[in-house]
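Just so it is clear, none of the values below were taken in a lab; they were calculated from the coordinates. Since the model is a prediction, treat every value here as computed from it, not as a measurement. Heads up, the Cβs are rebuilt from the backbone with ideal geometry, glycines too, and the neighbour counts pull from every protein chain shown.
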Amino acid sequence: SDGRGNSGEIGAGDAKAHFVFIPLMFQGHLIPTVDTALMVATHGAVATVVVTPSYAGRVRRTVDLAMTARRSSGAAAPVDVRVVDLPLDLAVVGFPDGCDDNIDNIPPGFGRDYFRALALLREPLKRHLRAAGAPYPTCVVSDACLPWTQELAAGLGVPRVCFFSMCAFCVLCQHNIERYNAFDGVAGDDVAVVVPGLGDKTFEVTKAQAPGFFRMPGWEDYGDAMERALAEADGFVMNTFMEMEPEFVAAYAAARRMKVWTIGPVSLHHQHTTSLAARGKTTAIDADECLQWLDNKEPNSVVYVSFGSIAHADPKQIVELGLGLEATGRPFIWVVKNVELYGETMREFLQELEARVAGRGLLIRGWAPQVLILSHAAVGGFVTHCGWNSILEAVTAGVPVVTWPHFSDQFLNQKMAVEVLGIGVSVGVHEPVVFQVEKKDIVVGREVVETAIRSILDGGEEGEERRTRARALAEKARTAVQEGGSSRDNVFDLIKSFTGEQGDNRI
Ligand code: UDP
């Protein structure tokens, strides 16, 4: 038996396995963690998602809409996803009065304190999980950026699997750079070195582009704690799929001597418009209105432009991007965040631009239904900051990308898109810009924006090849999550590995 029982689900009829998901409450981490919890629950385990109050309502909404969509498509088996809402009082650890637990409202300069403060959740959570009312946890699945969860799992006497909302290529590069001290003796942060330990594969990065996890000044102890928690983890779950990067998945598993369960693309868990549009924050545009706008455009003609949930551009850079988009003469959807933070001049610029490109350009001021947009046949290119979720969502939709990394893992993700997968064109940014407005002036000029977009939408033979590769990956991604696919099998295997049936997490 494969342990799935007649219903095709593990543990049906028996005491169910209970996986406790602890996300980092940044959109790029929370969204894929909730999707993973839904997947684990639809494969027969109980899933609990632990968040602070600002996030509880919206996670419940995502879960409810996903379940409604599932029922409407005729799936009968009940799905058990619980949302645990734990208060986090930041005032007691020195945050300004009135500061709530929503990361969008954390004052500048308090980032490190926020990460440290999250460990305050450990004891209340332990008490909650020990109390009657839910099955005792089988396994904790917590974000790789939350090292305190290792101690939580140890205290509960259960394994902890580390969740990476990153690709194996990126995680492996960071690991090898650290393990082999790749930047020791290198003259400057902008000097490129070859990432060690990748055999005959040559990828060059600078320290500024790939400093390692939390290897910023002042965060040393946090970075050390994260590395310890990674070394002690009982395995890794990644939002990627085996067929896209088998060698990097295998190399990371070998380096850690632990299993890596690739379970992505997790966005494919949502098959309905309402469920997809409810993955993140409330959208600033009605999903149907957005789809109707796209319905009127030719296939592969529209470029979608978004820089994720954190990156925050300098006003001058926004103007260049806008003028570059206008100059392409192509239809576009452009997501502009935090318009309220810019002055009247910016508001006027955007309004005037919008008037000039009426019918051809759609501005979304706020949160966009990204996956829904990318999945539409009219979308032919994506200008992205290279957050891993965005790259993977482009892959899943078979859409080539213009890569414009800002910080964090985004430079390595750019390498993944351009050099490993061959589906991207870089705008040529070499230095990171940090997310709060940094007065770096214009990084990428309007002509560069225009040229990159043209090459992605109609780059001749090369452009066709990029599109063909992106489409082939999209096909593999779909296969991975279907019956018998690698990601689907890995979800079963993850559950089995900790329920003592026959699995094992070591390699
Ligand atoms: N996202 C979205 N609408 C937006 C901005 C972002 O749906 O307007 C989603 C996007 O689809 C992705 C996530 O938020 O799933 C952003 O994650 P990513 O890793 O791309 O970037 P980050 O926000 O972490 O920099």
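Some points to look at:
- Placing dummy labels 7 Å off each Cα toward the beta-carbon, the span from R116 to Q292 is 5.2 nm.
- The chain: C-alpha gyration tensor shape, a/c 1.5 cut-off, then a/b vs b/c: rounded
- Given charges at beta-carbon only (K, R positive; D, E negative), |dipole| of the stretch 256-400 in Debye: 800
- Given K16/K126; K16/K259; K201/K259; K126/K337; K201/K337, the pairs whose alpha carbons are separated by over 27 Å: K126/K337; K201/K337
- Prolate/oblate/rounded call for the stretch 56-175, Cα gyration tensor, a/c under 1.5 rounded: rounded
- Cα gyration tensor, the stretch 314-370 - rounded (a/c under 1.5), prolate or oblate: oblate
- The 3J(HN,Hα) values that the Karplus relation (6.51, -1.76, 1.60; θ = phi - 60°) gives for the stretch 302-319 are, in residue order, 9, 9, 9, 10, 7, 10, x, 9, 10, 3, 9, 7, 5, x, 5, 5, 4, 4 Hz. Gly and Pro appear as x.
- CD proxy at 222 nm, helix term only [per DSSP H run n ≥ 4: -39500 (n - 2.57); per residue of the chain; nearest 500]: -12500 deg cm²/dmol
- Rounded to whole numbers, the Karplus 3J(HN,Hα) couplings from phi for the stretch 390-407 are 5, 4, 5, 5, 5, 4, 4, 8, x, 10, x, 10, 9, 9, 9, x, 10, 6 Hz, using 6.51 cos²θ - 1.76 cosθ + 1.60 with θ = phi - 60°, and x at Gly and Pro.
- Protection proxy ranking, highest mean first, for peptides 388-401, 292-305: 388-401, 292-305, where packing is the per-residue count of other beta-carbon atoms within 10 Å, averaged.
- Sorting the segments 415-426, 337-348 by their mean number of nearby beta carbons within 10 angstrom, highest to lowest, gives 415-426, 337-348.
- Qualifying aspartates and glutamates (Cα of each under 15 Å from Cα of K281; at least 8 residues distant if same chain): D35, D64, D104
- Amide hydrogen neighbours beyond the local backbone of V193, cut-off 5 Å, H modeled: V205, T206
- Long-range HN-HN contacts of V383 with modeled amide H, under 5 Å: Y304, V305, S306, V402
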